[in-house]
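Here's the structure we're looking at; comments come further down.
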Amino acid sequence: MMLLGACAGDEQDLTTPDGSPISIPTTRLAEVNIVGAERDYTKTCFAPTAPDAGKLDVGRIVVTDPLLLDDLCALGIGSKVTAVTVPEDAVPRYLGPQLTSVPAIGESPGSSAVATADADIVLTTPATAVRAAAFSGTKVVTIDPTDDPAANWTERYRSVAAALNRTAAATDLLARFTREAARTGRRKDAAHTEVSLVRFSADGQTAEGTDSFAAQVLAAIGVQRPASQREAGSTKLTDDNLTVADGDLIYVSYRDSGDVTGPSVEDSASFRHARTVLESDRWLDMGAPTWKRVLAVDDTVWYSTSGLAAAWLVLNDVKGSLDSNS
């Protein structure tokens, strides 16, 4: 494991939910270390779970909203997904080959694609329910709430699990995550570290409050936030209030840049803008940049998606970097 500032020992081990060790090396981009570089996406999804006692197992699943794929990944049944009604490349890469290789049959699939998918159940959401129309005669379950996926991800996970007769497994896996998050917080002394969250776009930057997905995972770990980031919502950062971004450690990310570890991130407009800020005197004069305590994370995993599988990735990112430098 290649982590600056990290010491060897069991407390540094990054693990899958079943306890298997994984390694997350850190590399650099614009003088900032990337957390999660070269992440092994083949280990994102969990081991297969069993249906509830006395309940039938599900066979073939079609999903109309890629948001729900994280839940299937975190139930260990991604292999049961036979199609996703989305355009090509719409499945987040962090979900790994098991789900990125599922046929993407478009938002209005034809009869041939529907027949090939041969679904036993279609999981949909209010926003994508129209895509389920092609599967006439197939059981359709609408998963709600999704109005605010980041805020309701645990409830959504339970709803997906209930639809697939895996309520007990979901309860157990959520409890495991909660225990590991609390354990990490104690070992890392998270209660005495204030972590700032900053997201860069093509033409600006924001400090994130308490309601983003990443902020919720940090709260589960017990990480503290700067006083200016202890309410819901985001704060637009300008030259006049840039110090709002400061903390003991700053995690930065680049919106719409794809995978932060991929070759395209340096070509993204959000990264090009971020570089002008990260290399500015005003930024470098703040505490965390002065102490080389600025780290870059994957915006897709930390913010743009949500779910238990992503939550484990964020937890492991924090576990491997909370005491690291850039």
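So that you can scan it fast, the table gives a plain yes or no per residue for (1) without any contact (Cβ under 8 Å) to a residue 60 or more places away in the chain; (2) in contact with a Pro (Cβ under 7 Å, 6 or more places away or on another chain); (3) in a loop (DSSP other than H, G, I, E, B); (4) farther than 20 Å from residue 143 by Cα:
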| position | (1), (2), (3), (4) |
| --- | --- |
| 38 | no, yes, yes, yes |
| 45 | no, no, yes, yes |
| 53 | no, no, yes, yes |
| 59 | no, no, yes, no |
| 89 | yes, no, yes, yes |
| 102 | yes, no, yes, yes |
| 109 | yes, no, yes, yes |
| 112 | yes, no, no, yes |
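I need every pair where a residue in the range 260-288 that is of a type in the set (S, T, N, Q) has its Cβ under 6 Å from the Cβ of a residue that is modelled with pLDDT under 75, sequence separation at least 6 or different chains.
Listed pairs, sorted by first residue: 264/258; 268/257; 270/257.
I'm told residue 247 meets every condition in (1) small (Gly, Ala, Ser); (2) modelled with pLDDT under 95; (3) in contact with a helix residue (DSSP H, G or I) (Cβ under 7 Å, 6 or more places away or on another chain) except one. Can you identify the failing condition by its number?
The one condition residue 247 does not meet is (2).
Output the residues belonging to the range 124-146 that are in contact with a strand residue (DSSP E or B) (Cβ under 8 Å, 6 or more places away or on another chain) and assigned to a helix (DSSP H, G or I).
126, 129, 131, 132
Out of everything in the range 91-124 that is surrounded by 21 or more Cβ atoms within 10 Å (Cβ to Cβ) and touching a Cys at 6+ places or on another chain (Cβ under 7 Å), what residue ends up being nearest to residue 311 (Cα to Cα)?
Across the range 91-124, the extreme among qualifying residues is 95.
Report, ordered by the first and then the second residue, all pairs with beta carbons closer than 6 Å, sequence separation of six or more or different chains, a first member in the range 148-171 that is under 17 Å from residue 58 (Cβ atoms), and a second member that is polar (S, T, N, Q).
If the second residue must be polar (S, T, N, Q), the pairs left are 161/167; 166/49; 169/49.
Name the residues in the range 33-90 that are under 23 Å from residue 296 (Cα atoms), charged (D, E, K, R) and exposed (fewer than 14 other Cβ atoms within 10 Å of the Cβ), would you?
Matches in the range 33-90: 38, 40.
The values are calculated or read from the model by the stated rules, or taken from the named source; none is laboratory data. The model shown is predicted, which means the values in this text are computed figures rather than measured ones. Cβ atoms come from the backbone with ideal geometry, glycine included; neighbour counts cover every protein chain shown.
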